[in-house]
1. Which one is nearest to the chain's Cα centre (by Cα), of the residues in segment 34-43 that are without any contact (Cβ under 8 Å) to a residue 40 or more places away in the chain and surrounded by 15 or more Cβ atoms within 10 Å (Cβ to Cβ)?
2. Report, by residue number, each residue of segment 38-66 that is of a type in the set (G, A, S), assigned to a strand (DSSP E or B) and at pLDDT 80 or above.
3. Is it the case that some residue within segment 91-108 is among the charged types (D, E, K, R), closer than 16 Å to D32 by Cβ and not in a loop (DSSP other than H, G, I, E, B)?
4. Would you check which residues across segment 6-33 are in contact (Cβ under 8 Å) with a residue 12 or more places away in the chain and small (G, A, S) and list them?
5. Please determine whether any residue of segment 4-13 is modelled with pLDDT of 80 or more and not in a strand (DSSP E or B).
6. Given (1) at pLDDT 75 or above; (2) more than 15 Å from I116 (Cα to Cα); (3) in contact with a helix residue (DSSP H, G or I) (Cβ under 8 Å, 6 or more places away or on another chain); (4) not small (G, A, S), identify the lone condition not met by F35.
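The values are calculated or read from the model by the stated rules, or taken from the named source; none is laboratory data. A quick note: this is a predicted structure, and the numbers were derived from the prediction, not measured. Don't worry about glycine lacking a Cβ; one is built from the backbone with ideal geometry, like all the others, and counts go over all protein chains shown.
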Amino acid sequence: SNRNRHEITYTRTLNLLNTRQCTIPFELAISDSSFLSFEPSVTTSLTSQSKVNVECHFRLSTEFIDRFRPANLNRNESLLSKIDEIITAEHGRRIHWREQLSVKFKQNEMEQIIPIDIKLYFPILSVSCGRIDFGTCFLEQARQKEFILKNLTCSSSAWSIRKGNLVDNSSIIDFNLLFSKYIRYS
């Protein structure tokens, strides 16, 4: 997989094999191209007894995750028909999303459907307190408080803590929390 700060791309490869004695032209199509893509993306031909590797790319981004927020799901009937949603204490909120890659054979106008399954696990985070109160602070005085952030599920999680001036993006601290780990921030 390929990673940057706001997006991860996962790639899976499948092989198409021509077992016939003739050349077969085909075309690939995907049901949702906003977060899924594939290569080769043009009409291709398979000669007799040859194969081609097809790479399917899934781009996981904050924009993609926003699709599955409960408020957004309720407004999108076509998306609701493609997912199963389960919430458990162990895994948190799990969404099983189904799409498909179709291989259309030009010669005989047949189509083969290859299912694509994507499972997203949304973690459940717990904070040891609802508020951090430093009380009255005087000039040149420093106070320190501690809170514990815990991931209750088997999903990994990443988040940002903003400190100081919220307008200044340089005050963002990034953390990653893995399964069954605690983080203390003071």
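1. So, considering only residues that are without any contact (Cβ under 8 Å) to a residue 40 or more places away in the chain and surrounded by 15 or more Cβ atoms within 10 Å (Cβ to Cβ), the one nearest to the chain's Cα centre (by Cα) is F35.
2. Listed by number, the list holds a single entry, S45.
3. yes
4. Step one: list which residues in segment 6-33 are in contact (Cβ under 8 Å) with a residue 12 or more places away in the chain, which gives 6-32.
Passing the criteria: A29, S31.
5. No, segment 4-13 contains no residue that is modelled with pLDDT of 80 or more and not in a strand (DSSP E or B).
6. So the condition that F35 fails would be (2).
So that you can scan it fast, the table gives a plain yes or no per residue for (1) free of Cβ contacts under 8 Å to residues at least 24 places away in the same chain; (2) assigned to a strand (DSSP E or B):
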| site | (1), (2) |
| --- | --- |
| Q112 | yes, yes |
| I116 | no, yes |
| C129 | yes, no |
| D133 | yes, no |
